[in-house]
Amino acid sequence: MKTTLILPFLLLIAACGGDAASAAMTADSSAMPAAAEVATPSAPASATPASEILATEQMPKVKKPYTPKREAEFHFENKESVADADLGNYYIKMHCSIGGKSVGAMTLVFWADVAPIHVRSFLRYCDEGFYDGLTYHRIMRDFMIQGGCPNGIGNGDGPHGNLKAEFSKDKKYAHKYGVLSMARDRSPDSASCQFFICCEETPSVHNLDGNYTGFGMLVNGVKTLEAIADTKVKPGPGGGSPSSPVDKVTIDKVEVVHGAPTETESVVMPEPDLGGEPAKVSVQHILIAFKGSIPSASRSKEEAEKLALDVFEKAKACKTNAEYTALVREFTDDSVRPGDENPGVYAILNNKVRRDADFEKKYTELKAQFDALQADLKVAVETKAMTKAEADAETQRVGMRLQSELEKSKGMPRGNLVPAFGDVGFKLEVGQVGLAPYDKNDSKYGWHIIRRVR
């Protein structure tokens, strides 16, 4: 039973739209990326296990001879100089630059009550000037920025040894935007000097709780964090997804200050300026194609235009979703899945929107349903109320239904669509209908009758 049950679950968490990237809508159907590339970075489908996504680069470790860059002022290595109880009374200002140009400073405070070992170690490195001149070598816009490697490529350890894990699942210290945490290898006790700051609010970030030691929080310098997070990146020395900054991101100097920060701000992830448009819309469309378009139809271009205008008038007269859905079934030249109760529905994320919160919520909801189904079927098989074959069949049936439902909520990036489709869809109010006329550049697949459903 186990092997069969796993399949729909994998389909569920990896759902990336399937037919949602139809030729009728994509900006360039001949150059569409693979499904995993289409998926928005914030989707649970790309929420790699925390033990893998943030481990320091898996390369041979290299240690360099160490001499402190400056005379320590506070001597955090000595508990007689700074007791554990006093660690929380220090903060740092981290001055940074990109390509040699200053982008300001980040002020961070520490959670000494939950992670005293990490706080003491980090403050010691800062006090000795260890981080001065080092870089942020790994930047993932939808996840975190990582720095502090003495070699600059992720394969360096600090001179003061590894740290015992101080993981926490206390919500007060949960990983979120602005949290300072320690990078490590696969061993829980392998953290050394490399650190990261979360720059998003996604499942990938939340998965860090209980797996990585968060030990501080940004209290000022959101603009600096955003400037670093927005840095253009390229594939790193180990390959994989682009995360190596094109322009050098330097930690120019870290100041350690005793007392409370004098300048603070509300640390929340900035909302993008969408010019008054919604972050996400769901639309239901009818494609009217013609001979020679993709997909092709038997009617001429002139006949297609006449039909599109006629269907557009019918669509505007629809008072219910059911009436409009009937028009979709009757007239659309786009592909329709057998048994699809809502054909032609697409969720679209606006430009600059990085997080699909609706999809994350739907994923959590459907995963809970699927997990409950697995538990119930396991009991049914064990009590012989159902055969293994029957349980497997039910799992497949429900799993595919949940996958289809999940796909409908997943936002496709607006930039992946022909321009006219998004231009019309994002200007509609819920229930309104618009028309995207054929254009060889902006609407090259034909005429789109578009109704906003959410």
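The values are calculated or read from the model by the stated rules, or taken from the named source; none is laboratory data. As the structure is a computational prediction, the values presented were derived from the model and not from experiment. All Cβ positions, even for glycine, are placed from backbone atoms using ideal geometry, and neighbour counts span all protein chains on display.
Answer with yes or no whether Ala85 is out of contact with any helix residue (DSSP H, G or I) (no Cβ under 8 Å at 6 or more places or on another chain) and either surrounded by fewer than 23 Cβ atoms within 10 Å (Cβ to Cβ) or among the aliphatic types (A, V, I, L, M) (or both).
Numbers: out of contact with any helix residue (DSSP H, G or I) (no Cβ under 8 Å at 6 or more places or on another chain): yes; either surrounded by fewer than 23 Cβ atoms within 10 Å (Cβ to Cβ) or among the aliphatic types (A, V, I, L, M) (or both): yes.
Yes; evaluated as a whole, the condition is true for this residue.
Is there any pair linking a residue in the stretch 368-384 that is exposed (fewer than 11 other Cβ atoms within 10 Å of the Cβ) to one that is assigned to a helix (DSSP H, G or I), with Cβ under 7 Å and at least six apart or on different chains, and which?
none
Under the condition of being under 27 Å from Glu360 (Cβ atoms) and either outside the structural domain of Ile288 (by TED's automatic domain parsing) or of a type in the set (Phe, Trp, Tyr) (or both), which residue from the stretch 401-438 is nearest to the chain's Cα centre (by Cα)?
For the stretch 401-438, the residue satisfying everything is Phe426.
Does Val222 satisfy the criteria of being under 23 Å from Gly154 (Cβ atoms), modelled with pLDDT of 95 or more and either surrounded by 19 or more Cβ atoms within 10 Å (Cβ to Cβ) or in contact with a His (Cβ under 7 Å, 6 or more places away or on another chain) (or both)?
Values: under 23 Å from Gly154 (Cβ atoms): no; modelled with pLDDT of 95 or more: yes; either surrounded by 19 or more Cβ atoms within 10 Å (Cβ to Cβ) or in contact with a His (Cβ under 7 Å, 6 or more places away or on another chain) (or both): yes.
No, not satisfied.
Return the total of residues in the stretch 243-267 being touching a residue at least 60 places away in the same chain (Cβ under 8 Å) and out of contact with any Asp or Glu (no Cβ under 9 Å at 6 or more places or on another chain).
In the first step, residues of the stretch 243-267 are kept if they are touching a residue at least 60 places away in the same chain (Cβ under 8 Å); the result is 243-245, 247-261, 263-264, 267.
Within this subset, residues satisfying the condition of being out of contact with any Asp or Glu (no Cβ under 9 Å at 6 or more places or on another chain) are 243-245, 247-250, 255, 257, 259-261, 263-264, 267.
Total meeting the criteria: 15.
Quick one: count up the residues across the stretch 61-101 that are in a strand (DSSP E or B) and either outside the structural domain of Phe196 (by TED's automatic domain parsing) or out of contact with any Lys or Arg (no Cβ under 6 Å at 6 or more places or on another chain) (or both). Walk me through how you get there before you give the answer.
Step one: filter the stretch 61-101 for residues in a strand (DSSP E or B), giving 62, 90-98, 101.
Those left that are additionally either outside the structural domain of Phe196 (by TED's automatic domain parsing) or out of contact with any Lys or Arg (no Cβ under 6 Å at 6 or more places or on another chain) (or both): 62, 90-94, 96-98, 101.
Count: 10.
Give the stretch 226-253 a look and list any residue that's touching a helix residue (DSSP H, G or I) at 6+ places or on another chain (Cβ under 7 Å) and at pLDDT below 95, or say none.
From the stretch 226-253, those touching a helix residue (DSSP H, G or I) at 6+ places or on another chain (Cβ under 7 Å) are 249; that's our starting set.
None - no residue of the stretch 226-253 is touching a helix residue (DSSP H, G or I) at 6+ places or on another chain (Cβ under 7 Å) and at pLDDT below 95, so the list stays empty.
Within the stretch 259-305, take every residue that is among the charged types (D, E, K, R), within 32 Å of the chain's Cα centre (by Cα) and part of a loop (DSSP other than H, G, I, E, B) and give me the one that is farthest from Met144 (Cα to Cα). Walk me through how you get there before you give the answer.
Keep residues of the stretch 259-305 that are among the charged types (D, E, K, R), which gives 263, 265, 271, 273, 277, 280, 291, 299, 301-303, 305.
Filter once more, so that each one left must be within 32 Å of the chain's Cα centre (by Cα): 263, 265, 271, 273, 277, 280.
Add one more test, that the residue is part of a loop (DSSP other than H, G, I, E, B), and what stays is 263, 265, 271, 273, 277.
Values: Glu263: 24, Glu265: 20, Glu271: 17, Asp273: 22, Glu277: 27 Å.
My answer is Glu277.
Based on this model, can you work out whether Gly240 counts as farther than 30 Å from His75 by Cα and either of a type outside the set (Val, Ile, Thr) or without any contact (Cβ under 8 Å) to a residue 60 or more places away in the chain (or both)? Walk me through how you get there before you give the answer.
Details: farther than 30 Å from His75 by Cα: yes; either of a type outside the set (Val, Ile, Thr) or without any contact (Cβ under 8 Å) to a residue 60 or more places away in the chain (or both): yes.
Spelling it out, Gly240 is indeed farther than 30 Å from His75 by Cα and either of a type outside the set (Val, Ile, Thr) or without any contact (Cβ under 8 Å) to a residue 60 or more places away in the chain (or both).
So that you can scan it fast, the table gives a plain yes or no per residue for (1) without any contact (Cβ under 8 Å) to a residue 12 or more places away in the chain; (2) in contact with a Gly (Cβ under 9 Å, 6 or more places away or on another chain); (3) of a type in the set (Lys, Arg); (4) surrounded by 12 or more Cβ atoms within 10 Å (Cβ to Cβ):
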residue: Lys301; (1), (2), (3), (4): no, yes, yes, yes
residue: Lys306; (1), (2), (3), (4): yes, no, yes, yes
residue: Lys314; (1), (2), (3), (4): no, no, yes, yes
residue: Ala326; (1), (2), (3), (4): yes, no, no, yes
residue: Phe331; (1), (2), (3), (4): no, no, no, yes
residue: Pro338; (1), (2), (3), (4): yes, no, no, no
residue: Leu349; (1), (2), (3), (4): no, yes, no, yes
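Let's see how each residue does on (1) assigned to a strand (DSSP E or B); (2) within 28 Å of Gly238 (Cβ to Cβ):
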| site | (1), (2) |
| --- | --- |
| Val103 | yes, yes |
| Val119 | no, no |
| Arg124 | no, no |
| Gly129 | no, no |
| Ile145 | yes, yes |
| Pro150 | no, yes |
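Does any residue of the stretch 239-247 turn out to be under 30 Å from Arg70 (Cα atoms) and in contact with a Cys (Cβ under 9 Å, 6 or more places away or on another chain)? Working first, answer last.
Initial filter on the stretch 239-247 (under 30 Å from Arg70 (Cα atoms)): 244-247.
From what is left, the residues that are in contact with a Cys (Cβ under 9 Å, 6 or more places away or on another chain) are none.
No.
Before we move on, is Val256 closer than 30 Å to Arg414 by Cα, in contact with a helix residue (DSSP H, G or I) (Cβ under 8 Å, 6 or more places away or on another chain) and part of a strand (DSSP E or B)? Talk me through it step by step, then tell me what you get.
Details: closer than 30 Å to Arg414 by Cα: no; in contact with a helix residue (DSSP H, G or I) (Cβ under 8 Å, 6 or more places away or on another chain): yes; part of a strand (DSSP E or B): yes.
No.
For residues that are touching an Asp or Glu at 6+ places or on another chain (Cβ under 9 Å) and assigned to a loop (DSSP other than H, G, I, E, B), scanning just the stretch 131-143, find the one that is nearest to Met94 (Cα to Cα).
By that ranking, first place goes to Asp132.
Would you check if there is a residue in the stretch 271-281 being modelled with pLDDT under 95 and either in contact with a helix residue (DSSP H, G or I) (Cβ under 8 Å, 6 or more places away or on another chain) or aromatic (Phe, Trp, Tyr) (or both)?
Within the stretch 271-281, the subset modelled with pLDDT under 95 is 271-281.
Filter once more, so that each one left must be either in contact with a helix residue (DSSP H, G or I) (Cβ under 8 Å, 6 or more places away or on another chain) or aromatic (Phe, Trp, Tyr) (or both): 280-281.
There is at least one residue in the stretch 271-281 that is modelled with pLDDT under 95 and either in contact with a helix residue (DSSP H, G or I) (Cβ under 8 Å, 6 or more places away or on another chain) or aromatic (Phe, Trp, Tyr) (or both).
Hey, can you tell me all the residues within the stretch 392-413 that are hydroxyl-bearing (Ser, Thr, Tyr) and either modelled with pLDDT of 90 or more or under 19 Å from Lys378 (Cβ atoms) (or both)?
Initially, the stretch 392-413 is screened for residues hydroxyl-bearing (Ser, Thr, Tyr), giving 395, 404, 409.
Answer for the stretch 392-413, where residues must be hydroxyl-bearing (Ser, Thr, Tyr) and either modelled with pLDDT of 90 or more or under 19 Å from Lys378 (Cβ atoms) (or both): just Thr395.
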